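Here's the structure, in structure tokens; my notes come after.
The values are calculated or read from the model by the stated rules, or taken from the named source; none is laboratory data. Nothing here was measured: the structure is a model prediction, and the numbers come from that model. A quick note on method: Cβ atoms are made from the backbone with ideal geometry, for glycine too, and the neighbour counts reach across all protein chains shown.
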Amino acid sequence: MTQFTPRTFQINDHVIGFYYGRGLTGFSGYEHITDNWVNKGAWDLGIANYVVYSGDSALVFDTSTSPECGLWLRNFLNRQLKIKHITIALSHWHLDHIAGLSAFRDCQIFALDSTAALIEQNREAIENGNLWGPPGIPTVMPTHTFSNDLDVKIGDITIQLRHYQIHSRDGLAMFILADQAMYPGDMLEDTLSYIVEPGDIPAHLSELSRLQQSASDRIFPSHGSLARLADGGYNSSLIAAAIEYNQNMLRQAQCANFTDMTIEDMLPQALKTGAIAIWENYRSVHRENLSRVYEYWYNRKIP
Ligand SMILES: [Zn+2]
């Protein structure tokens, strides 16, 4: 198992993380395709997924970022952890989170109704590599869908899956109350999240305040620094950082120099407190965010 080997980090005796990217894990195998989304959207930013396990059962929260990485994970679970029963849960439908699904076709796959609908709607483009550009990946449909909340048990560990409309309309966060831990998918990121649904920023902001009430001390986003994830995760200042970013992006969308504004302009507080740190590859994510937010909000009334 030398190729596609992630950095693994043990969060406690029943949760393990798998991390790719930020120059720590070699090649994704897609480097020959310029601007491919596996590198641009995941390996360049760093990406983790998480597995909760007990005895021979496991819940896999997101399936990693390419079919090859998904297969590596499947083999690791079966061979190293001796897992026989695997349930998948998807944080949202974006490709860097569902790309490993093909290795888990025979498993139960839990997802929001909206996640399943979005995969179905985009199925052809995902498979052909026309949605975010290449590579195309196989799609696998969720087997059990729900509209808002679902509780799942793995051994005696209770896992809460909860819908928040943050980052994507089909956002699903995983909570393990016994650990005071939250796994928010892409609702929170270090450095910042892609804004792909700019018209929904007001909704994202009110949902972020609701997320603040969940009072989780340990936060494990999908995209962040391996050192911090492996050292107990982020704290609730990561939620404040997401609020600061979205608030500033919205408030300043009609300023004359908006599209020149930097990450430092949008996140002064979070950078000062160390809630987040700038990972340079996020500069291009931020530039794309500026143009999407500008395009949507420059001639609309900002709430
Ligand atoms: Zn992502």
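Things to note:
- Any hit, the stretch 147-163, residues being buried (at least 24 other Cβ atoms within 10 Å of the Cβ), farther than 24 Å from residue 303 by Cα and within 17 Å of the chain's Cα centre (by Cα): no
- Scan of the stretch 271-289 for residues that are under 20 Å from the mean Cα position of the chain (by Cα) and not β-branched (Val, Ile, Thr), ordered by number: 275, 277, 279, 280, 281, 282, 283, 284, 286, 287, 288, 289
- Note on the stretch 235-258: residues that are touching a residue at least 24 places away in the same chain (Cβ under 8 Å), among the small types (Gly, Ala, Ser) and not in a helix (DSSP H, G or I) total 2.
- Selection from the stretch 5-32 of residues that are in a loop (DSSP other than H, G, I, E, B), touching a residue at least 12 places away in the same chain (Cβ under 8 Å) and more than 19 Å from the chain's Cα centre (by Cα): 5, 14, 26, 29, 30
- Selection within the stretch 262-283 - touching a residue at least 60 places away in the same chain (Cβ under 8 Å) and exposed (fewer than 12 other Cβ atoms within 10 Å of the Cβ): none
- Screening the stretch 88-155 for helices (runs of 4 or more DSSP H) wholly inside it with 3 or more residues that are under 19 Å from residue 74 (Cβ atoms) and within 16 Å of the ligand (Cβ to nearest atom) returns the ranges 95-98.
- Among residues of the stretch 70-87, those that are of a type outside the set (Ser, Thr, Tyr) and not in a helix (DSSP H, G or I), counted: 7
- When the residues of the stretch 179-205 are filtered to those that are more than 13 Å from the ligand (Cβ to nearest atom) and either at pLDDT below 95 or among the charged types (D, E, K, R) (or both), the one that is nearest to residue 228 (Cα to Cα) is 179.
- Residue 90 being in contact with a Ser or Thr (Cβ under 9 Å, 6 or more places away or on another chain), of a type in the set (A, V, I, L, M, F, W, C), surrounded by 18 or more Cβ atoms within 10 Å (Cβ to Cβ) and free of Cβ contacts under 8 Å to residues at least 40 places away in the same chain: no
- Some residue of the stretch 213-221 being within 16 Å of the ligand (Cβ to nearest atom), assigned to a loop (DSSP other than H, G, I, E, B) and crowded, with 24+ Cβ neighbours inside 10 Å: yes
- Yes/no for residue 18 being aromatic (Phe, Trp, Tyr) and within 16 Å of the ligand (Cβ to nearest atom): yes
- Residue selected from the stretch 33-55 under the condition in a loop (DSSP other than H, G, I, E, B) and either touching a Leu at 6+ places or on another chain (Cβ under 8 Å) or modelled with pLDDT of 95 or more (or both), by the criterion farthest from the ligand (Cβ to nearest atom): 55
Here is a yes/no grid of residues against (1) β-branched (Val, Ile, Thr); (2) away from the ligand (no atom under 16 Å from the Cβ); (3) crowded, with 23+ Cβ neighbours inside 10 Å:
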site	(1), (2), (3)
210	no, yes, no
223	no, no, yes
230	no, yes, no
243	yes, yes, no
255	no, yes, no
260	no, yes, no
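- Residues that are in contact with a Phe, Trp or Tyr (Cβ under 7 Å, 6 or more places away or on another chain) and within 13 Å of the ligand (Cβ to nearest atom) do not occur anywhere in the stretch 3-11.
- One residue alone among 178, 173, 203 is out of contact with any Ser or Thr (no Cβ under 6 Å at 6 or more places or on another chain), farther than 15 Å from residue 240 by Cα and without any contact (Cβ under 8 Å) to a residue 24 or more places away in the chain, and that residue is 178.
- Subset of the stretch 56-87 [within 16 Å of the ligand (Cβ to nearest atom) and either under 15 Å from the mean Cα position of the chain (by Cα) or among the small types (Gly, Ala, Ser) (or both)]: 60, 61, 62, 63, 64, 65, 66, 70
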